[in-house]
1. Can you tell me which aspartates and glutamates have their Cα less than 15 Å from the Cα of K145? Leave out same-chain residues fewer than eight positions away.
2. Provide the solvent-accessible area of K211, counting protein heavy atoms only and rolling a 1.4 Å probe, rounded to the nearest 10 Å².
3. Between N45 and F143, what is the spin-label point distance in nm, taking each point 7 Å from the Cα along the Cα→C-beta axis?
4. Taking R0 as 45 Å, what FRET efficiency do you get between A214 and D99 from their Cβ-Cβ distance, rounded to the nearest 0.05?
5. Just to confirm my numbers, what's the Cα centroid distance between region 83-135 and region 170-223 in Å?
6. Given q = 0.10 Å⁻¹, what are the Debye log10 I(q)/I(0) values for the chain, with equal point scatterers placed on the Cα positions and solvent ignored?
7. Restricting to the chain, compute how many DSSP beta bridges are antiparallel as a %, nearest 5.
8. If S64, S20 are ordered by their accessible area, calculated over protein heavy atoms with a 1.4 Å probe, which sequence runs from highest to lowest?
Amino acid sequence: MRIAIFSDHFQPELGGIQDSVECLARGLAGRGHQIDLYVPRYSLNEYRKAGLPFKEVALHENISIHRQSSIPYRGHTQQTRLALPLYAPISLMKQRRPDIIHSHTVFGLGLSALAAARFWEVPLVATYHMAMAVYATYIPKAFVKNFAAYVKWYLNQADFVSAPAGFVFDEIGRLKPPHEVITNSIDTELFHPPAAATREAGDVQMIYAGKFTAEKRVDQLIRALKAIRATNPRVTLALAGHGDQQAALVDLVQELDLEGAVHFVGTLNKAALADAYRGASVF
């Protein structure tokens, strides 16, 4: 099959949606499917923020990446782009007509996916990754209801809807298309337990890897560490990633006198992140 995947979030931007889209594309390509990824175009600075070279990474011989016009906006990863819902993907599909379209967004490129599915008369699968509580952190409460109605409208245009957790459907409410919880995939060739113990007996390292943004509540993890170390001073915390809350988190670590127990290790590539997970006791 030829599968067109649309996402407003992709590498080099940090985030779980980006990882799950890439992992899905690799998995489908490995099964012999032809994958076309329609994702935003990012700037040099956004690659630098992630510590990645300013070039397209070859994911698989069966995967083609089509970068779409986008503009920067003040996202909390400090890498976010707003993709524009243009005609370009439909035009590209003249020679790459898909058998099915899979949208991972309800905004810019999600609208392109919807238009392309209607134009080429192919099924549209929609995966909705976000919780309303996340958006409620950033948008005025008066808009939350209207936003929820828009999300529901978009998902009702699909032929099938998936979400990584059941509470996502609980928040959205009754949908017209068939829908199912399908958990995000994991690259088990890269992410797997260590072959043997890599820590000294008694040492406990916690790790958080991801965005340093308000809805992730990393501050709660730091405060919990303070309480834990009152009874076990050998517990430490590694924080991997970046985001607009990093300065506040550094200040909190200093305020709680945890400088020697909390380590900001930067944004890690996939291999380094897998090694960091294997070196940790709890994530």
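The values are calculated or read from the model by the stated rules, or taken from the named source; none is laboratory data. As the structure is a computational prediction, the values presented were derived from the model and not from experiment. Cβ sites come from the backbone with ideal geometry, for glycine too, and all protein chains shown count toward neighbours. Quick note on the areas: whole protein, heavy atoms, side chains included, nothing else; ligands and nucleic acids left out. Shrake-Rupley method; radii C 1.70, N 1.55, O 1.52, S 1.80 Å.
1. D170, E171
2. 50
3. Each label point lies 7 Å from its Cα, and together they span 2.2 nm.
4. Values: r = 40 Å, r/R0 = 0.89.
With a Förster radius of 45 Å, E is 0.65.
5. Centre-to-centre distance over Cα atoms comes out at 27 Å.
6. Log10 of I(q)/I(0), two decimals: -0.60.
7. Numbers: 3 of 40 bridges.
For the chain, the DSSP antiparallel bridge percentage is about 10.
8. S64, S20
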